[in-house]
Amino acid sequence: EIPKIPAHLTALTVLNDLLRNERWKEENKKEYYSKLTATVRLYLEERFDIYAMEQTTREILTDLKTSDISEADKTYLKKILSQADMVKFAKFSPNDEDGLVSLNQSIEFVERTKKVEEKNQPKKISE
C-alpha cells in the first residue's frame, strides 16, 4: 500500500508555489483567493477530518471547536477565510499586500497545526 502524503506537505507544496510565483500580484484576485482557500480547506479536511470544502467559514470554525487548534490559530483561520469570502462573494478587492499577508498567514497556520508523526519514539513502559 502506498503511504498517504501528509496533509501539511500537500498544502505547503501548493502554498509555497503560490508564494514562489507571486500569484497574489495577479489581476484576478478571486481566482487567487479561491486557490488559497481551497488549499487551506483541503488541509483542514485531511488533517482534522471535517468537511471543510463544502462548509461555510462559520461551519468550519464550529467543527474545529473540539480540535487541538489554539484559539489564536482559530482567529487566524477565521481572518484568512473571511477575507477570501469577501473577495469571492462580495466583490471586495484587496491590494497585493493583503494577498501576500493572507498567503503567509496560511503557510504559518499549516506549519503550526500540522500533525507531528511520532516515529522512532521510545515506547513508555507503564508501571
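The values are calculated or read from the model by the stated rules, or taken from the named source; none is laboratory data. No experiment lies behind these values; they were computed from the predicted model shown. Neighbour counts run over all protein chains shown; Cβ positions are idealised from the backbone, glycine included. We work out accessible area using only protein heavy atoms, side chains counted, and drop any ligands, DNA or RNA first. Shrake-Rupley method; radii C 1.70, N 1.55, O 1.52, S 1.80 Å.
How many of the residues making up the stretch 1-27 are out of contact with any Lys or Arg (no Cβ under 6 Å at 6 or more places or on another chain) and either surrounded by 15 or more Cβ atoms within 10 Å (Cβ to Cβ) or in a helix (DSSP H, G or I) (or both)?
16
Would you check if LYS74 is surrounded by 11 or more Cβ atoms within 10 Å (Cβ to Cβ), part of a helix (DSSP H, G or I), within 14 Å of the chain's Cα centre (by Cα) and of a type outside the set (A, V, I, L, M, F, W, C)?
In short, yes.
Could you please give the count of residues in the stretch 64-78 that are within 18 Å of MET53 (Cα to Cα), of a type in the set (A, V, I, L, M, F, W, C) and in contact with a Lys or Arg (Cβ under 9 Å, 6 or more places away or on another chain)?
1
Could you grab me the full set of residues in the stretch 28-52 that are touching a Leu at 6+ places or on another chain (Cβ under 8 Å), part of a helix (DSSP H, G or I) and either of a type in the set (Val, Ile, Thr) or over 14 Å from LYS88 (Cβ atoms) (or both)?
Within the stretch 28-52, THR37, THR39, VAL40, LEU44, PHE48, ALA52 meet the criteria.
Pull out all pairs, ordered by first then second residue, where Cβ-Cβ is under 6 Å, the residues are six or more apart or on different chains, the first lies in the stretch 79-103 and is in contact (Cβ under 8 Å) with a residue 24 or more places away in the chain and under 21 Å from ALA11 (Cβ atoms), and the second is open to solvent by 70 Å² or more (accessible area, probe 1.4 Å) and of a type outside the set (Asp, Glu).
From residues that are in contact (Cβ under 8 Å) with a residue 24 or more places away in the chain and under 21 Å from ALA11 (Cβ atoms), the pairs are VAL87/LYS30; LYS88/LYS30.
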